[in-house]
Every structure is written in C-alpha cells, then in structure tokens.
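Read the figures in this text as sums done on the coordinates, not as results from a lab. All of these numbers come straight from a predicted model, not from anything done at the bench. Using ideal geometry, Cβ is built from the backbone for each residue, glycine included, and neighbour counts are taken over all protein chains shown.
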Amino acid sequence: MRLQPEFASFEEFTLGLNSVSSVSNATARLSTMSETFAVELKSVVKRYSEILAVDNVDLTIKTGEIFGLLGPNGSGKSTTLKMLLGLVQPDSGSVNVLGVDVQKDPVAVKQQVGYVPESPRLYEFLTGIEYLDFIGDIYGMQTEEKKNRITEYLKALQLEGREGDMITGYSEGMKQKVALISAFLHRPKLLILDEPLNALDPRSARIVKDFLHKLKMQGVTTIMSTHVLEIAQAVCDRIGIMYQGRLLALGNMNELRQMSKLPDSGLEDIFLKLTGTDDIRAVVEELLK
C-alpha cells in the first residue's frame, strides 16, 4: 500500500521558484539565519487518512554530515524527506532546514537544496543541455558560471557528446546522471538524495561517492536514502533506521552494532535484526519446498 502521493517531478520541487527575483530574495533571507544544525525535526507527525506515516520523529543532522535514512518500504522515509523539502506538510511538530522553518518559507529552503527523487521525472522532450540550462536559470545562476559547471559535470559523468540528444532517448543511467547534475549544479548547502546511485555504471557511482565526501569537507550536508545497505555503510557518517513511522535506531556503525548486540556484523544484519525481518533463512527454505 502506498503511504503517500508521489512528488517526483521537478515542477513540484521548484514550486514558487518561478523568477530570479524570488530566488534572490530567498537567498538573502537565508544568509541572515543562523545554522546550528542543517536539519532539525521536532515531534513530527504525518498521517494519510488512517495511516500514521511518520510518528513523533525527533532528528537532528549536523552541518557537513553524510546521513543515511534507511527503512523497509512504507516505513516513512519518503514522507520524511518530502517534509524537509516542503512538498508535504506535517500535521504537527516542526521542520527546520538550514535554519529556516520549512512551513513558513519553503522557497528559501528549496533555493539551497539539491534534490534527486527515487524515480526522477525529467522534461524528456528537451535535450540534456536544454534541461540543465533551464535548471540553472531556475536557480538564477550567472550564464558563464552555469555554462562552466554544466560542461564540467557532463565530462565527469561521461555525457559529453550526448548533451544535444533528446532526454527521451537516454538510458535510465543517463537520465539519473542528468538528475544528479541538476542537484549539484547550483552548489547547494544540502543534498537530499533518494537512491542516488540507481542505474549508474560503476565508474560514475564511484565519482558520485567521492564527490559527496569532497563536498562534506566544504560543509555540504547530504541526506541519502537507499536500500543498498553496503553503500550506506561505506558512505554515511551516521545512519537512522525508520520502521512503521518511527525512528527505530540512530548512530554510527559502532553505535548500531552495540544497539543490535552484533559487534562484528555489517549493516545488513543489523538492519534485519532491528526491524524484526531477520527470518530470511526460514523464508527461503519455505520457498524451496
């Protein structure tokens, strides 16, 4: 059962960012705000009819942290990420991103965030370069800066020579690269990435992982959601595990090992134990009967 409506299109994320002047005003407001944490959620609750999607979640994420938000399907991860972006409003509690109350000023937040949804929906009847040029304009980037950054990213992710092709003819991996470039292009202070390495070739995936670590050194915060637990273990400084709308566990790998009483285990075994889904062997044996 789907717990929340889909908001994967760029139009919805950039709602309100329809002029350079509104973007500039948002940036000016944001620059005057203090930032103790990149993200603060306090007693956040969200319901969809009778379904409690997010249940009284408290969470702080430090500036410059690479944070992994994990959980089974339907655990409340996507709803939580969308509340950080102002795409979904909490029923109660507060959500602050980069020192801004998301409900009061979502435009100021969106200007400073780069977002890649789990299944990006691009404007497929634009060429790659047209789409990226449009994204740069949405964020009010200067022409020369925009051109240089697009060129750098196209080369790094091996899209050079294909930027003039229609996006509708791109492979899924190529579309994912365009979505990632769109998120990185304006040098945001916060990246929210839902399955960011989906469909990427090994070279591009490694470049993205290394790039996130370089951005961390510059104070950029990344929140990553993925079902590939090996990636989360390798990349993230801390990990939060959601289950049935609650934040079930929170900490670095050593803290999660202590919590699960699995001192020598990897994240997959820890995740399965903490979420009560460690009956894999019995399920497999039943299927073989």
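Summary table
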item	result
Of Lys177/Lys273; Lys104/Lys209; Lys146/Lys189; Lys155/Lys214; Lys177/Lys214, those spanning more than 28 Å from alpha-carbon to alpha-carbon	Lys177/Lys273; Lys104/Lys209
Cα centre as origin, Lys/Arg/Asp/Glu Cβ charges: region 75-118 dipole, Debye	60
Angle between the chain longest axis and helix 20-31 axis [Cα atoms, degrees, rounded to 10]	50
Protection proxy ranking of 95-105, 76-86, 263-273 - average other beta-carbon atoms within 10 Å, highest first	76-86, 95-105, 263-273
Protection-proxy order for peptides 207-213, 238-244, each taking the mean of Cβ atoms within 10 Å per residue, highest first	238-244, 207-213
Listed residues Phe37, Leu59, Val88: farthest to the positive end of the dipole of the chain (Cβ charges)	Phe37
Radius 11 Å from Cβ of Gln218, net charge of other residues (Lys, Arg +1; Asp, Glu -1)	+4
Region 218-225 - phi-based ³J(HN,Hα) in whole Hz, Karplus 6.51/-1.76/1.60, Gly and Pro as x	9, x, 7, 9, 10, 10, 10, 10
Taking the chain and dividing mean pair separation by its residue count, relative contact order in percent (alpha carbons under 8 Å, at least six apart)	23
Dipole moment magnitude, nearest 20 debye, region 139-254 about Cα centre, only Lys, Arg, Asp, Glu C-beta charged	300
Long-range amide H partners of Arg121 with built H, under 5 Å	Phe10
Charge tally in the Cβ shell below 13 Å around Met174, where Lys, Arg are +1 and Asp, Glu are -1, Met174 excluded	-3
Most positive-pole-ward Cα, Ile223, Gln176, Ile135, against dipole of region 10-251 from beta carbon charges	Ile223
Fraction of beta bridges assigned by DSSP in the chain that are antiparallel (%, nearest 5)	55
Residues whose placed amide H lies under 5 Å from that of Arg238, excluding near-sequence neighbours	Ile66, Gly68
Aspartates and glutamates with Cα under 15 Å of Lys42, excluding same-chain neighbours fewer than 8 positions away	Asp55, Asp58, Asp91, Asp101
Sequence ranges 59-66, 279-286, ranked by mean other-Cβ count within 10 angstrom, highest first	59-66, 279-286
